[in-house]
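Read the structure below first, then the notes.
The values are calculated or read from the model by the stated rules, or taken from the named source; none is laboratory data. The structure displayed is predicted, hence computed values, not measured ones. When we count neighbours, we look across all protein chains shown, and the Cβ atoms used for this are built from the backbone with ideal geometry, even at glycine. All accessible areas refer to the heavy atoms of the entire protein, side chains included, with ligands and DNA or RNA removed. Shrake-Rupley method; radii C 1.70, N 1.55, O 1.52, S 1.80 Å.
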Amino acid sequence: MKILVLQLARLGDIYMSWPALRALRRAHPQAEIHLLTRPRFEGAVEGLTAVDRHWTLPAGEILSPMVKDECDIETSLERLDHFVDGLKAESFDWIINFTFSPASSYLAHALTQPQTQITGYTRFKDGSLCLADEVSSYFYAQVGIDKPNRVHVADVLASMLNLEYIEADWSAPDLPECTLLLPERYMVLHVGASEQHKALSSATWSKLLNYFAKRNNSLPVVLIGAPNERALATEIQNSVSQIPFVNLVGQTRIADLFSILKKAEVFVGCDSAPIHIASLTDTPTLNISVGQVNFWETGPKATLAFIYRAENEAALSPERVGEVLASLLEGQVAEELIVRTGGLESYAKDESPEQRFQWELVKALYLGGAYPMAERIEILQGAAKLHEINTFAMEQIALIPEKGLQMAGPLLDRAEEVIESISQWVPELSPLISWYQAEKIRIGPGSLEEICSAALNVHERLGRHLRVYIPQETQEEVGDGTL
């Protein structure tokens with residue numbers, strides 16, 4: 001069996017894929033497993049023995065003719081065809097797309113052959129997005145910033161493969177020890193982040209460390225980061241005089257971080273690849289989560305993992321975080337920390353009634369859980385409006401064979417607009433509306449009769465989910481055909 005895994009996202013996403021790739025290897029010990037990444041992030045594959053062959057997508061080579069003064073699209077297309085043909089010649093039996101992006105879905109489709117099983121985003125024969133499996137549909141509908149998902153991305157990937165992790169899947173690779181001289185005891189701090197909006201300024205880091213030093217100024221701090229973060233590290237060092245520093249920013253390979261983090265007493269950092277490396281070394285971690293980040297999905301998975309969440313840097317109190325960090329090293333967990341737990345949800349956190357309702361509704365839709373109780377009248381009103389629009393849409397779809405799509409189409413478009421607006425009016429119902437929209441996308445090309453039948457099936461299932469929030473007498477009412 002020959003398997004190709006597409007992971008065209010960033011460093012952190014690749015490291016979050018390691019446990020799934022190891023589980024895949026355990027499940028298919030005789031398979032030949034290939035992994036495709038972008039060249040810029042190929043360092044994140046070093047030490048990953050679960051993979052037999054590593055490919056890189058030569059995006060720069062493919063696109064460079066298009067960014068010249070005289071755009072040469074033909075040459076770019078020829079280079080893309082050459083790469084795809086070479087990879088397609090491997091005749092993969094199973095393609096697994098871990099990337100969840102439009103671009104990767106086109107590539108997955110281009111590499112698919114008649115005998116190929118596909119898991120993850122791909123394309124239908126007409127070029128429209130194909131959510132090839134239930135987990136892909138779940139990811140499309142419920143995963144992302146401001147979405148209700150509470151399952152970590154690493155666990156979503158395992159679900160895609162229908163596999164469960166064992167402890168060995170979450171372990172550091174067997175790599176040569178880093179030769180850099182380090183103190184006997186130390187803390188590691190990553191000065192940067194995967195994106196600027198997730199990072200802290202040197203001023204914030206300095207205030208944090210200065211307050212930390214009031215409680216603990218004897219523990220050396222090892223600074224890590226990319227070459228372009230050297231100035232940031234220098235500013236931090238110059239602003240904090242009470243702490244001994246070892247500045248390794250710009251001086252390490254990504255693989256060196258395994259041995260550096262393995263011996264650290266704690267790792268501190270924003271959303272970044274080192275967070276996920278620390279999960280594999282099981283290093284106690286304090287993740288300072290700011291900006292557009294969904295910590296439920298991309299937070300640390302070390303046994304002792306803690307998250308200090310702030311909407312942005314301005315909302316964060318560096319003095320308080322410094323105290324929280326010092327307390328952690330003394331064995332005390334501050335009440336505002338989000339704590340790592342086991343089970344379906346990786347963290348424990350108090351949430352608003354709206355957030356709890358959304359997550360309970362997600363579990364009802366996908367896992368057969370109990371439907372949450374509506375504690376606001378607006379939820380029942382929104383469900384009633386959805387029921388009304390859903391009934392109207394089913395009536396219009398049923399009339400398409402008689403009246404034609406030209407007449408029913410505009411009315412159905414208007415129905416979709418109303419359904420989307422309910423998501424804004426009653427946020428608690430947004431998971432159900434996202435589920436519905438994903439299920440509509442899953443309807444593939446076919447005859448008008450086949451598409452109408454599939455669409456009616458989706459609307460019927462939407463109606464069944466709504467029943468718990470609709471009084472019986474309302475369910476029996478017949479719509480008057482108007483919006």
Pairs where the first residue, in region 222-234, is touching a residue at least 40 places away in the same chain (Cβ under 8 Å) and the second is among the hydroxyl-bearing types (Ser, Thr, Tyr) and not in a helix (DSSP H, G or I), C-beta under 6 Å, 6+ apart = Val222/Tyr186
Considering region 404-461 alone, what residues qualify as being under 23 Å from the mean Cα position of the chain (by Cα) and among the aromatic types (Phe, Trp, Tyr)?
-> Trp435, Tyr436
Ala158 being in contact with an Asp or Glu (Cβ under 8 Å, 6 or more places away or on another chain), farther than 20 Å from Trp55 by Cβ and aliphatic (A, V, I, L, M) | yes
Listing of strands (runs of 3 or more DSSP E) fully contained in region 32-137 that carry 3 or more residues being under 22 Å from the mean Cα position of the chain (by Cα) | 32-37, 94-97, 121-123, 129-131
Go through region 342-366 and give me each residue that's outside any helix (DSSP H, G or I) and not charged (D, E, K, R).
-> Gly342, Gly343, Leu344, Ser346, Tyr347, Ala348, Ser352
Determine if region 384-396 includes at least one residue that is open to solvent by 20 Å² or more (accessible area, probe 1.4 Å) and within 30 Å of Ser218 (Cα to Cα).
-> no
Conditions (1) in contact with a His (Cβ under 7 Å, 6 or more places away or on another chain); (2) surrounded by fewer than 17 Cβ atoms within 10 Å (Cβ to Cβ) -> Ser128 fails only (1)
For Ala172, all conditions in the list (1) under 28 Å from Gln332 (Cα atoms); (2) part of a loop (DSSP other than H, G, I, E, B); (3) open to solvent by 40 Å² or more (accessible area, probe 1.4 Å) hold save one; what is the number of the exception?
-> (3)
Checked region 189-221 for anything β-branched (Val, Ile, Thr) and at pLDDT below 90; matches are none
Test result for Phe41, over 25 Å from Pro274 (Cα atoms), out of contact with any Asp or Glu (no Cβ under 6 Å at 6 or more places or on another chain) and open to solvent by less than 40 Å² (accessible area, probe 1.4 Å) | no
Would you confirm whether any residue within region 83-102 is among the aromatic types (Phe, Trp, Tyr), touching a residue at least 12 places away in the same chain (Cβ under 8 Å) and at positive phi?
-> yes
Selection over region 411-424 where residues are within 14 Å of Met394 (Cα to Cα) and either polar (S, T, N, Q) or loosely packed, with under 12 Cβ neighbours inside 10 Å (or both) yields a count of 1
Can you spot a residue in region 54-76 that is over 25 Å from His109 (Cα atoms) and buried (at least 18 other Cβ atoms within 10 Å of the Cβ)?
-> no
Going by the structure shown, is Val151 out of contact with any His (no Cβ under 8 Å at 6 or more places or on another chain), assigned to a strand (DSSP E or B) and surrounded by 21 or more Cβ atoms within 10 Å (Cβ to Cβ)?
-> no
Working only within region 435-452, note down all residues that are part of a helix (DSSP H, G or I) and open to solvent by 20 Å² or more (accessible area, probe 1.4 Å).
-> Gln437, Lys440, Ile441, Leu448, Glu449, Glu450, Ile451
Kindly list, by first and then second residue, each pair from a residue in region 313-340 that is farther than 27 Å from Val151 by Cα to a residue that is among the β-branched types (Val, Ile, Thr), limited to pairs with Cβ atoms under 8 Å and residues at least 6 apart or on different chains.
-> Pro318/Thr204; Ser327/Val333; Leu329/Val266
Do you know which of the residues in region 208-235 that are among the small types (Gly, Ala, Ser) and outside any loop (DSSP other than H, G, I, E, B) is most open to solvent (accessible area, probe 1.4 Å)?
-> Ala231
